[in-house]
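Okay, so here's the structure we're looking at.
Readers should treat all values here as calculations from the given coordinates under stated rules, not as data from a laboratory. Quick caveat: nothing in here was measured; it's all calculated off a predicted structure. Counting neighbours? That spans all protein chains shown, and the Cβs are built from the backbone with ideal geometry, glycine included.
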Amino acid sequence: MKDIVIQTKFKNILIILIVVMLIESGCTKLIEIPPPLDTITTGEAFEDSANAVSSVSGIYGMINNTGTTPEFSNGLLAEVLGLYTDESVIVGTSGFRNYYNTQLLPDDATIFSGFWAKAYAQIYQTNACVEGLRKSSLAASVKNRLLGEVLVIRSFLYFQITNIFGGVPYITSTDWRATSKVGRSQKAEILTNIIKDVEEAAGLLDESYNNALNERIRVNKFVALGLLSKLYLEAGDWQKSIITSSAVIDNSSTYFLEPNHKDVFLRSSHEAILQWALNPALYPYNVTSQGFRMVPNTGSIPRYAMDDSLLAQFEYGDLRRVNWIDSAVTSGKKRFFSIKYKNGPKQSSPSIEPTEYYTLMRLAEIMFVRAEAYARLSQFQSSVDDINRIRLRSGLASIVSATNIEEAIGLVIMEKRKEMFWENGQRYFDLKRTGRMNDVLKKRKPNWLVFKIDMPIPLVEIQRNPFLEQNSGY
């Protein structure tokens, strides 16, 4: 009997180790990952609730364990897409100058390793979990929660990469042999598929964040509804975007705008809908990757400064200017930079608990989603009411509603620019979704050409897959 117990424990440990190795292993491309123990990954690991939870938790760990390097879905989009648009300028040392100069080539290292490979590595792991969970006989409560979480994460990843590259290979299988020569699906087709997945997820999930401290570091029902509101907005289904965003906004006992801007990005923030936790065992310990890279030490040169056109948008008395922006003099010029995350290299310590988590989704963003959807339906007063709630928090007077759709959308985008700057590539996605990117960036970027709205497919992927076509112009 003792031998049976030991063997069972060893088998469970082996299964977890295999799943963790698969989740943490680097990969050059989703379709080139031949998992030698795929039967355990999608089979036995999901017949035991503890192993299944460990497998799904490994996906969060894969996203969270970034160290000082910004990673896809955890700091990279804020940094790189801010440079690509009109949010940031390079002041110090940066390896992303080609993004700022909009002189990207298909052989750019970050396009491949930072965007494409990272996204598809994470997608692969969500595929493995979806396959395993759908086949499993776990208790419905556990199975539904975990399946809902991974469907949302996978959909979020696809939503990001389609907005960066346009159409991409849409892969939901772990069978690398069957997917090794997949071409690009149209963005609209992918959007339809991920909406279907998130709709399913919203029905599977409950309101709990399912962790001991109830921190907002896992996907729950309201994360799914928040993402759905964004997907519906992208798809032009304005009414559904209003319904789903309202479901989040109206849950005011859980989510509300923090009265003090300094509290918005704390791990205890009531405004946060989804955050990524920090790994205190991994340098920089208690500091987010964005804070580490964007908050300079006292007397140091900031890596990036705010674009002058962004700084000029802030009105006199705007509390965001006071609480979220600092300055330093470099080369005789006063430069302004974001301090949304207060902790930088100076605060890094393995012995101090994190006070901030990386915020992926927050209430103000969902309010802007609803404001834009209202504007699209010519419900101008409702649109400006959402905007004014955010302005009021910022110490600003209310604005009057627009008189036409174009003006109303312009108000949303302008106000959102001031609230959501340097957050997860929001400005890039907004300019692209509203068709404003070319008009805005041709005035700000000397090397801008209209085809650069979509970034290039990595050259190494084009060379490996004859069915994968490059974006026009590259």
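Ordering Leu225, Ser155, Leu282 by Cα displacement along the dipole of the chain toward the positive end leaves Leu282 in first place; charges were set at the Cβ atoms of Lys, Arg (+1) and Asp, Glu (-1). Computed from phi, the 3J(HN,Hα) profile of segment 241-257 under the Karplus parametrisation 6.51, -1.76, 1.60 (θ = phi - 60°) reads 5, 5, 4, 6, 5, 5, 4, 6, 4, 6, 7, 6, 6, 9, 10, 8, 5 Hz, with x in place of Gly and Pro.
Between Ser252 and Gln470, the FRET efficiency estimated from the beta carbon spacing at R0 = 56 angstrom works out to 0.75.
Which order do the peptides 140-149, 464-473, 121-130 come out in when sorted by mean C-beta neighbours inside 10 angstrom, highest first?
For the peptides 140-149, 464-473, 121-130, the packing ranking is 121-130, 140-149, 464-473.
Residue by residue, segment 322-330 carries 3J(HN,Hα) couplings of 6, 9, 10, 10, 10, 9, 8, 9, 10 Hz when phi is fed to the Karplus relation 6.51 cos²θ - 1.76 cosθ + 1.60 (θ = phi - 60°); x denotes Gly or Pro. Model label sites at Gln239 and Gln313, defined 7 Å from Cα along the beta-carbon direction, differ in position by 3.1 nm.
For the peptides 207-219, 362-374, 286-298, the ranking by mean Cβ contacts within 10 Å, running from highest to lowest, is 362-374, 286-298, 207-219.
Roughly how tilted is helix 2-24, in degrees to the nearest 10 and between 0 and 90, from the longest Cα axis of the chain? Relative to the chain, helix 2-24 is tipped by roughly 30 degrees.
From the square roots a ≥ b ≥ c of the eigenvalues of the alpha-carbon gyration tensor of segment 289-347, which class results: rounded (a/c under 1.5), prolate (a/b over b/c), or oblate? Note, shape of segment 289-347 comes out oblate.
In this label model, Leu105 and Thr403 are separated by 5.2 nm, measuring between points 7 Å along each Cα→Cβ vector.
What you get for the chain, charging only the Cβ of Lys and Arg (+1) and of Asp and Glu (-1), is a dipole of about 800 debye around the Cα centre. Here the Karplus curve 6.51 cos²θ - 1.76 cosθ + 1.60, taken at θ = phi - 60°, turns the phi angles of segment 407-412 into couplings of 5, 5, 5, x, 5, 4 Hz, with x standing for Gly and Pro. Between the amide H of Thr68 and any residue lying 5 or more places away or on another chain, no distance stays under 5 Å, with hydrogens modeled in the peptide plane.
Which part of segment 347-376 falls in the paramagnetic zone of Arg436, meaning amide N under 19 Å from the point 7 Å along Cα-to-beta-carbon? Backbone N within reach: 364-376.
Relative to the longest principal axis of the Cα atoms of the chain, the long axis of helix 118-135 lies at roughly 50 degrees. Which far-off residues, 5 or more places away or on another chain, put their amide H under 5 Å from the one on Tyr358, with H placed in the peptide plane? Here Trp276 satisfy the definition. Each residue in Asp454, Asp308 was given a count of other beta-carbon atoms within 10 angstrom of its own, and listing them fewest first yields Asp308, Asp454.
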